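Let me give you the structure first, and then I'll get to my questions.
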Amino acid sequence: TKTALIDFGKILLFGFTFGFTFAHGLAFVIKKNYVPHYLLNVVSLSVVLLVYVESDILAHESGLLAVVVMGMVLGNLDLPNLKELLYFKESLSVLLISILFILLAANINISDMELIYNWNTAILFIAIVFIIRPIGVFLSTKGSSLKFKEKLFISWVGPRGIVAAGIASLFGSKLLQKGEPGAEYITPLVFMIVLGTVLLNATTARYVARMLGVFLKHSEGILIIGASKMSRLIASYLKQNNRHVVLIDNNHANIDQAKKLGLEAMVADVYSDTLGDNIELNDMGYLMALTGSAEINEYVIERFNHQFGENGSFRLVSAEEMNDPENNPEEGLFSHTDDFIKLMEAIRSYPAVHEIELKNGKHYQQLIDITNEDDEIIPIFIKAPDGEIHIITSFNESFNTISDGYKLVYLGKMFDLDKIH
């Protein structure tokens, strides 16, 4: 027992020490740009392999702990190229896991599978799929923001068991060599569970998702490019009205301010090739370009219109378009008399979003005429009685369906109700 505890202590000591030290060392090298960008993935992989081998030499079985600790530390550091490393890791994981499955399966003979060809195996499979795995998922997600139906779906399409398959192949063969009774069942049983769940879950995942109501039918999320104070005000209002909003900006200060407000925001470059692959943006259906650069706004609409703006893509009008209302763009936002500078000047004096009840279409048009004359009032949305929000565009300001119960949502100074008849 004493020897086992000493060995376990050595594993913890070397695993945590190597993982923590090399993680900060690699982070330092990356931040200082000592490694050329095109060699970043190769160098990172080489360091991981080095940590694994060196730690394992000094304390047997500590290599795996060292690289796990290294990954955890790197994942929580502010690395500029973390996304690229993650994409490389995902590609590498798919490749290695596929190879590992093939190698492990090569150790299984048909005669081994015939050993478990009975009703007891079927009972075990059912217990794992419908009892054991759901219990594990619900316990591990306790306290998370996942809904009950989402947890059920995760239970159905849960982990495939590559770790279990690897351990079973390793220990099963060793126990079999030592003549332990029942050892011949370990490896084929684990592979049967892995194979069965893969076939069952992969063929039924879509139907189960529809049945549980977790299938994404419509992309209703709103992606806002630019996280300025104006964007944060608009995003906060949309979030309060139960809309999924994500802010993107390459300015860290803007993103930090957005996160302090409880908004979902991320540092990203719209010119990056990886933005379109971000899984966190898979439910985006509306695109709003609200940066201070007309060129960036136009670029965003042109590049990401089909990917993130299937329900609508909009941008602020430029200073030139604002002075030429006859050539107003169809994707123009809010008002043809307000560009980014005017919007920022308005919210600098009146940093708030307001709502005002609408009586009919005529009343709405009267309010729009007032906003065209007052630079400190900017109309942004029409809110329907059922809570649905319609974006006001600079191209077409008319809403024929407006009646009692609708609201005009606007930025800046509040309307002087005494002037509205």
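The values are calculated or read from the model by the stated rules, or taken from the named source; none is laboratory data. Keep in mind that this is a model prediction, so the values were computed, not measured. We place every Cβ from the backbone using ideal geometry, glycine too, and count neighbours over all the protein chains shown.
Would you point out the residue of segment 341-376, among those that are acidic (Asp, Glu) and not in a helix (DSSP H, G or I), that is nearest to Asn241 (Cα to Cα)?
Applying the filter and picking the extreme gives Glu355.
Please determine whether any residue of segment 210-225 is over 18 Å from Ile296 (Cα atoms), among the small types (Gly, Ala, Ser) and part of a helix (DSSP H, G or I).
No - not one qualifying residue is present in segment 210-225.
Residue under question is Glu345, and the condition is that it be outside the structural domain of Ile234 (by TED's automatic domain parsing) and either surrounded by fewer than 16 Cβ atoms within 10 Å (Cβ to Cβ) or closer than 23 Å to Ile222 by Cα (or both); does it hold?
Yes, satisfied.
If you take the residues of segment 80-97 that are part of a helix (DSSP H, G or I) and in contact (Cβ under 8 Å) with a residue 40 or more places away in the chain, which of them is nearest to Thr187 (Cα to Cα)?
Ranking the candidates gives Ile97 first.
Give segment 69-94 a look and list any residue that's surrounded by 12 or more Cβ atoms within 10 Å (Cβ to Cβ) and among the β-branched types (Val, Ile, Thr), or say none.
Val69, Val73
Taking the conditions exactly as written (surrounded by 11 or more Cβ atoms within 10 Å (Cβ to Cβ), of a type in the set (Gly, Ala, Ser) and not assigned by TED's automatic domain parsing to the domain that holds His24), does Ala66 satisfy them or not?
No; evaluated as a whole, the condition is false for this residue.
Would you check if Leu104 is touching a residue at least 60 places away in the same chain (Cβ under 8 Å) and over 28 Å from the mean Cα position of the chain (by Cα)?
yes
Lys31: among the basic types (Lys, Arg), loosely packed, with under 15 Cβ neighbours inside 10 Å and within 30 Å of Asp269 (Cα to Cα), yes or no?
So Lys31 passes the test.
Please identify the pairs in which a residue from segment 402-421 that is within 23 Å of Ile234 (Cα to Cα) and assigned to a loop (DSSP other than H, G, I, E, B) has its Cβ atom under 7 Å from the Cβ atom of a residue that is modelled with pLDDT of 70 or more and of a type in the set (Gly, Ala, Ser), counting only partners at least 6 apart or on another chain.
Ile402/Gly361; Tyr406/Ala384
Hey, could you check segment 242-263 for residues that are surrounded by fewer than 19 Cβ atoms within 10 Å (Cβ to Cβ), at pLDDT 85 or above and under 26 Å from Ile382 (Cβ atoms) and say which is farthest from the chain's Cα centre (by Cα)?
Taking the candidates together, the pick is Leu261.
Residues that are without any contact (Cβ under 8 Å) to a residue 24 or more places away in the chain, among the acidic types (Asp, Glu) and outside any loop (DSSP other than H, G, I, E, B): does segment 51-70 have at least one?
Checked segment 51-70: at least one residue is without any contact (Cβ under 8 Å) to a residue 24 or more places away in the chain, among the acidic types (Asp, Glu) and outside any loop (DSSP other than H, G, I, E, B).
So, in segment 137-164, of the ones that are within 26 Å of Gly182 (Cα to Cα) and surrounded by fewer than 16 Cβ atoms within 10 Å (Cβ to Cβ), which residue ends up modelled with the lowest pLDDT?
Result: Pro159.
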